Structure formats: C-alpha cells, structure tokens
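The values are calculated or read from the model by the stated rules, or taken from the named source; none is laboratory data. The shown structure was predicted, so the numbers you read here are calculated from the model rather than taken from an experiment. Using ideal geometry, Cβ is built from the backbone for each residue, glycine included, and neighbour counts are taken over all protein chains shown.
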Amino acid sequence: MNRYRLVHTTEFLYDGPVSESYNEVRLRPIHDEKQSCLSFRLSTSPGSRGTSYRDAYGNSVHQFNILPEHQRLKIEAESVVLVHEAGGFHDPGTLVDFESRKAQLGDEYFDFLAPSTYVPRLDDLRPIITEVEQACGGTVDGFAKSASSVIHSLFQYVKGATHVHSSIKDSLSINAGVCQDFAHVLLGVVRMRGLPARYVSGYLVPGSATSSNERQEEVIGGQASHAWVEVLMPDGRWVGYDPTLGKPVGLRHVRLAYGRDYGDVAPVRGVYKGRAGQSLSVDVSVRPALDDAGTEQVSKITTSAPETPSTSERPQQPAQQQQQQ
C-alpha cells in the first residue's frame, strides 16, 4: 500500500501561564511528481488564525500566533498522501564526468554543497570517503548507495546518544546517533566528494503497517518522524538514500521538507513569553488504505521529552524529539 493517512500531533504543556506564542510548522507533505498530498488540515488548541508561504526550498510553512495566556498548546496536522512509484531510469553517471561540471554545480547548488551548521567539512570523514570510493564502481549512484551502506554498518542507532544541537562531529566521536545524525553524516560524505545533496525530513511508515509479513524496523526513529538524504544525479534527478536503514528510499518514505540540514526543516518551532517550563509530547499515527479484507490497519507511536529549564523568553523545542525518540 502506498496511500497513507497521517495524523501528527504535537503538544506542549507548561507548568505555568505563558503568552504571545509565535510558531511555524513544516508539516504539510510535499506535492510533486513522486508524491501527491491529497488533503491537509492543520488545527491548534487554543485556536488560531494562520498564514502560509513557501520557503526558499519550496517547502510549505504555516505560521500562527497564540497571544492570550495559556498553559497548553496542541498542534495537529492531518494529511492524506499518495506515494508514487519512482518512475523511469536515472543516469547513474560517472564521478569523473560529474567532476567536469564542478564549477557549474557549485554555482547552481551552492547551498547543497557548502558546509552547514550541522554538517561541517571534517577531515574525519575522509577515511569513509576512501572506503566508499573503493566499493562504488565509479558512478554517482554507486557512490551514494555505498556511502549509505557503509554509514549504516559503521554507526549504531542509539536513542539519546546525541542532542538537538549535535553535528556530525559528535556522531563521529562515538560512532552512534539517530536518523538525523545518520543523514547528516551521509550529507558530509557526499558533499565532500563534490555531489550536491539535501536533507529530507518526513516519515517512514512502519513495515507492519503496510504488510503483515514484513517485519517492522527496530528503530524508533523509523516509526515516527524520520530523516534521510537525496543526492543529485547527472541527469538532474534527486534520488533518495536512507543510511539509517542502509537502503534506497522506497514507497514507505513520506517527504515533508527539504533543506541544507535539520536546521532548515524542523517540523515545529516557535517562541513564547513566560517563566514557565515546558514538556513536549509527539504522537504520530499512520492509517494505510484498506487491505484486501477491507480492514484499515493503524500504527500509532507516542514520544515525549523531559521538562526544560524556565526562562523569561525562550524558544520552544524544535521537535527534535520526534526524530530522536
């Protein structure tokens, strides 16, 4: 099945009254030739009137404000998405041919080649690049696939190993992390090799929700919000690779937003006034299309985060726990 109903609920609970909450969310699935967003609804409690726009990378961004005092904020995004087969053949191209276009690519795709906050250029990545080059067969697609596989084998998925501000330097120091970290390391490797690559936030629909015979991945990050990478091919197509699973992206990957790294695509972020601390909970449910027996399967995941220190004015947590849990 590749038609999914998604309900993403984020709830902030405050231990005292807060006010003037200004928020933006990137929760509307991407609509393009590979994925159709058939419907989308965003609601908040307390209620609000919102606006929307497209950011620099084409992502849908919704903004809303809660000005009166409140001690709870609930944000619910419901969407129906159809993920299409990746149609057609993409030219894997050779790394040598790609290098001949280095100057052109540097101008056109600067944001997806340059170092970023979470993905600095590090010499520690060079041994991985060398290992990948020996196994890639000299093609761009082969390099991206091999890099995804090598990172999957070298790094352990460890919940809580990193935090919201972790960069690839932190992940490399312990050879561990979560889906966000796996994606950032893959970005570092392919960008240092001169290949434009972008961070993708979204969902990985659990295997148990699409087939009773398919074993569900044993990574929590692959059950709720997820992250992976898309690499530019010589023919201009973006192709996805999931280093957390060590596999190419498939029909169970639902895309929300693109960016240079996680900092560009946090699902929920905002600020409020008040001295109250907050706790965050995230609930993601996936309801696939009816199966052959006419029964709708449901997969539901709930995560939570510990309370954070009180300050007079401070940013709300940028939903990092959705990927870390």
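Structure above, values below:
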| read-out | value |
| --- | --- |
| The range 1-31, residues that are within 17 Å of the chain's Cα centre (by Cα) and either among the aliphatic types (A, V, I, L, M) or in a strand (DSSP E or B) (or both) | LEU6, VAL7, HIS8, THR9, THR10, GLU24, VAL25, LEU27, ILE30 |
| Set GLU76, GLU99, GLU85, GLU33: member being closer than 30 Å to ARG275 by Cα and acidic (Asp, Glu) | GLU76 |
| Residue list for the range 143-187, restricted to those being more than 20 Å from LEU204 (Cβ to Cβ), part of a helix (DSSP H, G or I) and under 16 Å from the mean Cα position of the chain (by Cα) | ILE168 |
| The range 55-104 - residue that is of a type in the set (Lys, Arg) and either farther than 28 Å from ASP15 by Cα or at pLDDT below 90 (or both) and, of those, surrounded by the most Cβ atoms within 10 Å (Cβ to Cβ) | ARG101 |
| Options VAL81, VAL119, VAL61; residue that is in a strand (DSSP E or B) and either among the small types (Gly, Ala, Ser) or in contact (Cβ under 8 Å) with a residue 60 or more places away in the chain (or both) | VAL81 |
| Counted residues, the range 225-282 - those being crowded, with 21+ Cβ neighbours inside 10 Å, more than 30 Å from GLY142 (Cβ to Cβ) and touching a Leu at 6+ places or on another chain (Cβ under 7 Å) | 2 |
| Boolean, ASP111 is over 23 Å from the mean Cα position of the chain (by Cα) and either under 15 Å from SER171 (Cα atoms) or modelled with pLDDT of 95 or more (or both) | no |
| Unique residue being within 23 Å of the chain's Cα centre (by Cα) and either in the same structural domain as ALA276 (by TED's automatic domain parsing) or farther than 30 Å from GLY270 by Cβ (or both) when the list is VAL132, VAL96, VAL140 | VAL140 |
| GLU76 vs. criteria assigned to a loop (DSSP other than H, G, I, E, B) and over 17 Å from ASP235 (Cα atoms) | no |
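Table: residues versus (1) hydroxyl-bearing (Ser, Thr, Tyr); (2) touching a helix residue (DSSP H, G or I) at 6+ places or on another chain (Cβ under 8 Å); (3) closer than 17 Å to GLY240 by Cβ.
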| position | (1), (2), (3) |
| --- | --- |
| GLN134 | no, no, no |
| LYS145 | no, no, yes |
| ILE151 | no, yes, yes |
| GLN156 | no, no, no |
| SER167 | yes, yes, no |
